[in-house]
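For reference, the structure discussed in these notes is given below.
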Amino acid sequence: MTRRQQRARAALAGLACVVALSVSVAGCGPKSETPRGESPATLVPLPGSSPSRTAAYGQVRKVVLTAVADQRLGIRTVPVQTDGAGDERVPITAVIYDPNGVPWVYLPAGTHAYLRQAVTIRRYEGDTVVLSRGPSAGSQVVVVAAAELLGAEYGVGEE
């Protein structure tokens, strides 16, 4: 098994734990404020996008959350930083991996909407990831709840 496959499996195992924990804890809290029959997340295909090698499960789609879902996830973003050498850097929590081991980040794409963008990692430096390809400096990236957005996009945790 390659290192990339090992990282992908570890990422999926972590995502499965987060989803399982979310499902088990969800039954303990207050009743949902989402009206019955309304999904907390909808997926909007992007015009002109098509399945590709890097989009493991088809085309990239915009994840649009209800206001309640967005608030409950506690999504936080930070700007992509750059250093003196011109390298873009993001916190390690911004990077998620699809089941094929491809790294991605989520960017805000409107009110309660998020879009997945592929990145290429140059190297890891502690809790920071240096990118050789990805969003430009100053772009906002999701650093809290990116795994939940990936789960919503891929349908993880649905019955």
Per-region count, the range 123-151, residues without any contact (Cβ under 8 Å) to a residue 60 or more places away in the chain and under 18 Å from PRO40 (Cβ atoms): 1
Return the residues of the range 60-99 that are open to solvent by 30 Å² or more (accessible area, probe 1.4 Å), touching a Ser or Thr at 6+ places or on another chain (Cβ under 8 Å) and of a type in the set (A, V, I, L, M, F, W, C); say none if nothing qualifies. VAL64, VAL68, ILE92
Pair list, Cβ under 9 Å, 6 or more apart: the range 101-122 residue open to solvent by 50 Å² or more (accessible area, probe 1.4 Å), other residue among the aromatic types (Phe, Trp, Tyr) and modelled with pLDDT of 95 or more: PRO108/TYR114; GLN117/TRP104; GLN117/TYR106
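Give me the residue from the range 37-47 that is in a loop (DSSP other than H, G, I, E, B) and at pLDDT 65 or above and, out of that set, surrounded by the most Cβ atoms within 10 Å (Cβ to Cβ). Working first, answer last.
Within the range 37-47, the first condition is being in a loop (DSSP other than H, G, I, E, B), and the residues that meet it are 37-40, 46-47.
Within this subset, residues satisfying the condition of being at pLDDT 65 or above are 38-40, 46-47.
Working: GLU38: 11, SER39: 13, PRO40: 16, LEU46: 12, PRO47: 5.
Looking at residues that are in a loop (DSSP other than H, G, I, E, B) and at pLDDT 65 or above, I get PRO40.
The values are calculated or read from the model by the stated rules, or taken from the named source; none is laboratory data. Computed from a predicted model, the values in this text were never measured in an experiment. Note that each Cβ is placed from the backbone with ideal geometry, even for glycine, and that neighbours are counted across all protein chains shown. Ligands, DNA and RNA are stripped out before the accessible areas are found, and what is left, the full protein with its side chains, is counted by its heavy atoms. Shrake-Rupley method; radii C 1.70, N 1.55, O 1.52, S 1.80 Å.
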